[in-house]
Amino acid sequence: MKFLIDAQLSPALIKVFAARGHICLHTRDLPLQNQTSDRSINDLSLRESLILVTKDTDFYYSFLLHRRPYKLIFVSLGNMRLKETLSHFEKIIDPVLDQIAQHNMIEVTPSEINVLA
């Protein structure tokens with residue numbers, strides 16, 4: 001699978017996905033970096049079959065209304081410190097990957113992974 005980490009999340013998350021053999025980019029890797037518009041991110045996600053990992057509710061609503069981006073991992077972890085966020089993702093990455101392979105949108109919370117679509 002291929003993933004795109006959005007600007008609100010640390011590029012350090014790339015390592016968690018890449019460690020499982022997946023291709024992973026961060027918005028900072030794009031030509032306009034973290035200034036890339038939501039529309040451009042959605043277009044890229046659809047064109048390249050990139051699963052977007054984000055905290056941005058705009059993408060959540062975009063997916064519900066327009067089925068854009070391609071697939072979505074919506075992160076609802078609040079204001080966890082980077083170290084805590086990375087530790088949490090390392091613990092749950094396998095179930096996250098299993099769920100997003102089967103579904104189009106999931107939510108990652110501190111206590112569970114919810115299938116949303």
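Derivation of every value follows stated rules applied to the coordinates shown; laboratory data play no part. The structure displayed is predicted, hence computed values, not measured ones. Cβ placement follows ideal geometry from the backbone for every residue including glycine, while neighbour counts extend to all protein chains displayed.
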(message) Treating region 1-49 as a set of equal point scatterers at the Cα positions, no solvent, please give the Debye-formula log₁₀ I(q)/I(0) at q = 0.30 Å⁻¹.
(response) -1.19
(request) Would you calculate the separation in nanometres between label points at Lys91 and Arg39, each defined as 7 Å from the Cα along the Cα-to-beta-carbon direction? (result) 4.1 nm
(request) Work out from phi, with θ = phi - 60° and the Karplus expression 6.51 cos²θ - 1.76 cosθ + 1.60, the ³J(HN,Hα) of each residue of region 67-73, listed in order in whole Hz, and give x for Gly and Pro. (result) 6, 10, x, 3, 9, 9, 10
(request) Per residue of region 91-106, in order, report the coupling 6.51 cos²θ - 1.76 cosθ + 1.60 (Karplus, θ = phi - 60°) as ³J(HN,Hα) in whole Hz, putting x for Gly and Pro. (result) 6, 10, 4, 5, x, 4, 4, 4, 5, 6, 5, 9, 10, 9, 8, 10
(request) Kindly provide the GluC sites (Glu not before Pro) of region 17-117 that DSSP labels as loop, not H, G, I, E or B, and whose Cβ sees at most 15 other Cβ atoms within 10 Å. (result) Glu112
(message) Using a Debye calculation, one point per C-alpha and no hydration shell, please list log10 I(q)/I(0) for the chain at q = 0.16, 0.17, 0.19 Å⁻¹ in order.
(response) -0.67, -0.76, -0.98
